[in-house]
Amino acid sequence: MSDTIVEPFLKGSTGRNTRGILRLSILVLIAAAAIASRLFSVIRFESIIHEFDPWFNFRATKYLVQNGFYDFWDWFDDRTWHPLGRVTGGTLYPGLMVTSGIIYHALRALTIPVDIRNICVLLAPGFSGLTAYATYLFTNEMSTSPSAGLLAAAFMGIAPGYISRSVAGSYDNEAIAIFLLVFTFFLWIKALKVGSVMWGALCALFYGYMVSAWGGYVFITNLIPLHVFVLVCMGRFSPRLYVSYCTWYALGTLASMQIPFVGFLPIRSSEHMSALGVFGLLQLVGFVEFVRSGVPSKQFATLLRGFVLAVFAIAFGGLVLLTVSGVIAPWTGRFYSLWDTGYAKIHIPIIASVSEHQPTAWPAFFFDLNLLIWLFPAGVYLCFLKLADEQVFVVVYAILASYFSGVMVRLMLTLTPIVCVAAALVLSHLLDTYLSIKSPSAPTDADIDAASNAAPAPSKKAAKQDGLRAMREPLVGIYTTFSKTSVVSALTAYLLIFVLHCTWVTSNAYSSPSVVLASRMPDGSQHIIDDYREAYQWLRQNTKEDAKIMSWWDYGYQIGGMADRPTLVDNNTWNNTHIATVGKAMSSSEEVSYPIMRQHEVDYVLVVFGGLLGYSGDDINKFLWMVRIAEGIWPDEVKERDFFTERGEYRVDEGATETMKKSLMYKMSYYNYNALFPPGQCQDRVRGVKMPDQGPVLNTVEEAFTSENWIIRIYKVKDLDNVGRDHAAAASFERGNKKKKTTKRRGPKVLRVE
Amino acid sequence: MRWILSFLLLAFLATVQAISSSGNKLLVVLEDLSEKTKYSKYLGDLEARGFKVSYESPKNEKLALFELGERAYDHLLILPPKSKGLGPQLTPKFLLDFINAGGNILLTLSSSHPTPTGLVSLLLELDIHLPTDRTALVVDHFNYDTLSASDKHDVVLVPRPDAIRPDVKNFFRGDGKGGEVIAFPRGVGQTLGNKSPLLTPILRAPRTAYSYNPKEDVEGVEDPFAVGPQLSLITTMQARNSARFTVIGSSEMLEDAWFGGKVKRSVGLGGVGIGAKEVKTSNQAFAQEVTGWTFNEIGVLKVGKIEHHLNEGGASSNITNPKIYRVKNDVTYSIELSEYSWDKWVPFTPPTGDVVQLEFSMLSPFHRLPLTPSTTTETSTIYTTSFKLPDQHGIFNFKVNYKRPFLSNVEEKNTVTVRHFAHDEWPRSWVITSAWPWITGIGVTVTGWVAFVALWLWKTASNAAAVLLSGDTFTSENLSITRSLQSTPHDTASPNPLVSSDSSVSMTSTRPSKQRSSPSSSQSSSPKTSNPPDRVEKRTRNTLAARRYRQRRLDEVSGLETQLKDTRSERDDLKVRVARLEGEVEALRALLAKRSE
């Protein structure tokens, strides 16, 4: 009965429409699922901006919304990097803020007053829905199967590798950049397939948007030329390729140069040289093709081929020469660290100190991609089977992204889309094969048509080998219900487990705002640890508006965003020397660090201490990086070796080295800490060691604030002593110690000279 | 009306009486109130200058320097107590707090009563050292008063002090005529530490003076506490908050007996002072200067208005003290300075050789400029300077850091932000001469491109017309630029290898050779009715020319063909002839052979 009712909807133009509506609703549901799974943190905690960088983006967005676009473009921020300031308008990727600003103004124009904070919090989930759609489009270009695109969209929607950077509140550049990445790739494939200027220009447009949004645009800048290069090497040069690439490169480069932060980099830095080189190569190849078609002489063509190679060699040599002479900027340290994972640790500690720049641990691949990671190679293999231009792109992308994601944790993000696409290709192939209800029961010659409907790939093979007698009656295909059901049910189970895994990972690993910490009480109820905001609120309410706060750079953006106070260094680590200065102040003794703090007009020093609560991300655990970064600039004054004991241990207890005990960071962390405990029981719960009973003595700074769980400690820098004593003497006087009268003279008299 | 009158009266009184610039509440710590009479002239002077003097004994329980956390007095004068301590309210801690709160202290010592330990440790905190022997006093065998201390040589006569450096104001030189003598009877000399920049001696002992303990029986002093100018008789310490602290080594010099008493100096080194006459001491005037300085009656600087503004044209320069400037702005800075002199504010002028400076600094000064007096009002001088901001953005300070001995500290910091050029503040490209080649390049490229396109379109159109008139038809897509470039009339006759390849951009267009037979109507896109007449004319001319050309070619071909035909027939005739002749030859040969047999 039902067959007859449903039948009209599955046939003819009505059927096409039905399928279209079905597909649309599936896509909408995928987008909804993608958004919904990212809202854990909002529901658990509140609508709050997460982590560190998002706080700056949020602050910049507020500035943009308040002051308008041109003020934002020319923004000189005098509340960061004191006293250098930051030409913020020229040193950020404005795409994210401008996007939120446009959404904000559009909503207001529609008389929907939404707080800019909510737009910022929900931007990433919103764009993840779009990313799912872009993945659908991209995959559809790769496969003829209608299910591959939908599967890829679903994977992209919930893959933890992407969720990790796009939960609600994670208002970072990646929030919109991944959508732009996938969409640019889709447009590129489209342009390449059609060979049209329009698609190429659209691709360039979205590439420009991508450049304005994320520094990871370099990935596109290198991947597309690499794809083209591979195609040319495979002898697949075609006018389509020429038109689409030249359009994309010329327009895209112009678009990218409009971003002040990028400026002339596309023609001056080595990272962009491959795109320029391939552009030149295409002109040469195009010229050669043109001449060859005009003069059909094999010898001449060979000669020209040699000419192309010579030009390429000369151009490469010129590039090297220009790089050596300094006209073209050599590769930056971040780039080198992509090739040699040990490079950063030795040469640029500031890059190595960032946790997301560490090499990826193997379990992370499974953690972030689960089932997709083992479907991924099969998908790449499928691309080899039908190696059209766009499949070459998938292969190139897969190889490049796999390498990079192994080098740096954060580049897992660029791997995720291609893994989703490849896995979807495989799964759709499997499902198309196994999920057909029709069984080719009588595979005679007459039924070949029917068989081809059910399983196109095998039947084609059969048709090809039709001439052979043994294969006259092809039995290739899936017939038994048993194999169908078993495979399909296994796959369904895998997919369900995948969904479970994604949800679990999202809810447990990626939904913590890290500004607010959650812990469980003994009775299982949730206990919120809100020390960060408590301390920032204290700063906001109790300090002068231009009180300068010195802290390690991790907290710079948060202080700027939540406490609204000027900071010395922040997460935009553009000035290594300034960060090293702070590192030096933290790792030196009070006598050394006090003049540094005076010179930089520091009013308060903020340290993070997790000893009481067992919060492991505190400053003492990060301390060695401060030492290393400071040592990079002042190798004579700060030495990492001095912070390790004779036996090479990093200790904070009784056995800590003198340098360690004298350092400002150590003193500020453990100042008065022993007063919390009965004598002899003072314990640091992060390092798990017993602390000495006698706490450190502080002379040049005084404790101003300590949060509830001692996570944040704020110290006020004392002014110079009013009557000209040094701080140690003044502090000792305050404690009631009298100065010893020098009864006995030692050595010659010191005469006063005016 | 009455309260206005009373105010006027008060103001009038205030102008008559000299009052310190920082309040007039003075506490005199005196153990025995009966001793007041000893200092009657000195204390009388103070009261006459408008100080509200309260006397308290250090033993008084109610004595307190602070009341509800605020200073209860503005100034404190401590006269040497007989007892060993100063009581619980005058501990070094409280005295330091008093200084830190901005109070001034004048401390007097005496060799007759040992200095209380509390005061000694306070002085130690300030890096002022007293002799280890409690009763040591300053003696000088060359500059003593022959009238009162001819035997003990412990009344040291000192001339009015010179300025410690030539570029420092000297408040203690009296009328400056010289010859005045200060008597320093039985005082305690101090030595000053070398580190503290806040300490300055007002009066130093003569070269031949030394510190000596009369209780010791030793005839000669082997290792004196200090000698000569190292021994400070009156020491000052001006704290960073400009609170003043003065130690007078001899309280006796303030006593009535020495105010205007007669002294006669001994013969000094090298016979100085032979035949010196009896002179009146200038202790009273000197004490007034020292006390006046300590209690902020002289040498106090006040900063009035500080202004900085943009010194460039435009409305923005009207804004005073803006928060933000741009790099390379021209800026004017001015600061108003007054000096307090006994009872009024007067314009401040630095001593010769000294200058008030402005620093424009971020981490370190980028500019250090002298400030020049521009205007002088009744009570102040306005110092000003103009300069161009450095080419460095950041958070800068306008900083006047004027700290001189005996003048209260001026440390004024005004923070401004110096921003970079905004995107629309750079000179436009045509203003920069070195950009002209690039602008020319852009111009040439644009014109070249337009000219190229125009030329191309014209050529395309003419070709299309030619093709049309010759009877060949094209679909509209064949008239696309790329296609028509390749389809010259020649090509239509014989297919070009170029065209057959796939090098054209539009893949959908078909080759012209295939189109020859297609009977599609000649709805080509280019010969539009809106074309100008000369173009049509040109096209017809072109058509005629093409037709002529084609006809000529046809004629040529037919001519050639007839020629070929002729040549062929001729050739065939010749072949026949040759064959016939060969046959003839063969027959004749055979005949010849038969005959020879």
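Rule-based calculations on the coordinates, nothing more; no lab input. On a predicted model such as this, the values are computed, not experimentally measured, just so you know. Cβ: placed from backbone, ideal geometry, glycine included. Neighbour counts: every protein chain shown.
Backbone N atoms of region A:149-165 closer than 16 Å to the 7 Å Cα→Cβ label point of A:Ala388 belong to residues A:149. For region A:197-330, a Kirkwood radius taken over Cα pairs fed into Stokes-Einstein (37 °C, viscosity 0.692 mPa s) yields D = 208 µm²/s.
About its Cα centre, the protein assembly as shown has a charge dipole of approximately 3440 debye under the convention of +1 per Lys or Arg Cβ and -1 per Asp or Glu Cβ, with nothing else charged. Debye-formula intensities of chain A, expressed as log10 I(q)/I(0) at q = 0.08, 0.09 Å⁻¹, are -0.79, -0.96 (one equal scatterer per alpha-carbon, no solvent). As a calculated quantity, the FRET efficiency between A:Ser616 and A:Glu534 at R0 = 30 Å, using C-beta atoms, amounts to about 0.90.
Shape of region B:299-426 from the C-alpha gyration tensor: prolate (a/c of 1.5 or more and a/b above b/c, with a ≥ b ≥ c the square roots of its eigenvalues). Computed about the Cα centre, the dipole magnitude for region A:173-327 is approximately 480 debye when only Lys and Arg (+1) and Asp and Glu (-1) carry charge, each at its Cβ.
The fewest-to-most ranking of A:Val291, A:Val638, A:Val324 by surrounding Cβ atoms within 10 Å reads A:Val324, A:Val291, A:Val638. Legend: translational diffusion of region A:585-674 by Stokes-Einstein, Rh = Kirkwood radius over C-alpha pairs, 20 °C, 1.002 mPa s; D = 157 µm²/s.
Listed from fewest to most Cβ neighbours within 10 Å, the set A:Lys662, B:Lys215, B:Lys52 follows the order B:Lys215, B:Lys52, A:Lys662. Looking at the square roots a ≥ b ≥ c of the eigenvalues of the Cα gyration tensor of the protein assembly as shown, which shape do they give, rounded for a/c under 1.5, prolate if a/b is larger than b/c, or oblate? Taking the square roots of the gyration eigenvalues as a ≥ b ≥ c, the protein assembly as shown is prolate.
A straight Cα-to-Cα reach below 15 Å connects A:Lys738 with the aspartates and glutamates A:Asp726, B:Glu125, B:Asp127, residues fewer than 8 places away in its own chain not being considered.
Per the Kirkwood formula applied to alpha carbons, region A:529-734 shows a radius of gyration over Rh ratio, Rg over Rh, of 0.94. Which of A:Pro94, A:Gln541, A:Pro363 sits farthest toward the positive end of the charge dipole of chain A, with +1 on the Cβ of Lys and Arg and -1 on the Cβ of Asp and Glu? Sorting the options by dipole projection puts first A:Pro363.
Counted by neighbouring Cβ atoms within 10 Å, the residues A:Trp55, A:Trp248, B:Trp436, A:Trp634 run from fewest to most as B:Trp436, A:Trp634, A:Trp55, A:Trp248.
Cross-link partners for B:Lys403 among the aspartates and glutamates, with Cα-Cα distance under 13 Å and sequence neighbours closer than 8 places in the same chain left out: B:Asp167, B:Asp354, B:Glu411, B:Glu412. Considering only alpha-carbon pairs that sit under 8 angstrom and 6 or more positions apart, the relative contact order computed for region A:197-330 is 27 percent.
Projecting each Cα onto the charge dipole of the protein assembly as shown (Lys/Arg +1, Asp/Glu -1 at the beta carbon, about the Cα centre), which of A:Ala275, A:Thr14, A:Met668 comes out farthest on the positive side? Working it through, the farthest residue towards the positive pole turns out to be A:Thr14. Rounded to the nearest 500, what is the 222 nm mean residue ellipticity of the protein assembly as shown from helices alone, with -39500 (n - 2.57) per DSSP H run of 4+ residues and division by all residues? For the protein assembly as shown, the value works out to -14500 deg cm²/dmol. Under a model in which nothing but the beta-carbon of Lys, Arg (+1) and Asp, Glu (-1) is charged, chain A shows a dipole of about 880 debye around its Cα centre.
Charges on Cβ only, +1 for Lys and Arg, -1 for Asp and Glu, centred on the Cα centroid of the protein assembly as shown; of B:Ser83, B:Ser110, B:Ala163, which one is farthest towards the dipole's positive end? The Cα lying farthest towards the positive end belongs to B:Ala163. Listed cross-link partners A:Lys716/B:Lys305; B:Lys302/B:Lys323; A:Lys639/A:Lys716; A:Lys584/A:Lys639; B:Lys93/B:Lys302 are compared with a 20 Å cut-off, the Cα-Cα value being larger for A:Lys716/B:Lys305; B:Lys302/B:Lys323; A:Lys639/A:Lys716; B:Lys93/B:Lys302. Put a dot 7 Å past the Cα of A:Glu46, heading toward its Cβ, do the same for A:Arg305, and the two dots end up 7.0 nm apart.
Taking only C-alpha pairs under 8 Å that are 6+ residues apart, what is the relative contact order of chain A in percent? It would help to have the intermediate numbers written out before the result.
Working: 1113 pairs, mean separation 88.4, N = 754.
It rounds to 12 percent for chain A.
Our coupling estimate for region A:206-222, obtained by passing each phi through the Karplus curve with A = 6.51, B = -1.76, C = 1.60 and θ = phi - 60°, is 6, 4, x, 4, 4, 4, 6, 9, 7, x, x, 4, 4, 4, 5, 4, 9 Hz, Gly and Pro reported as x.
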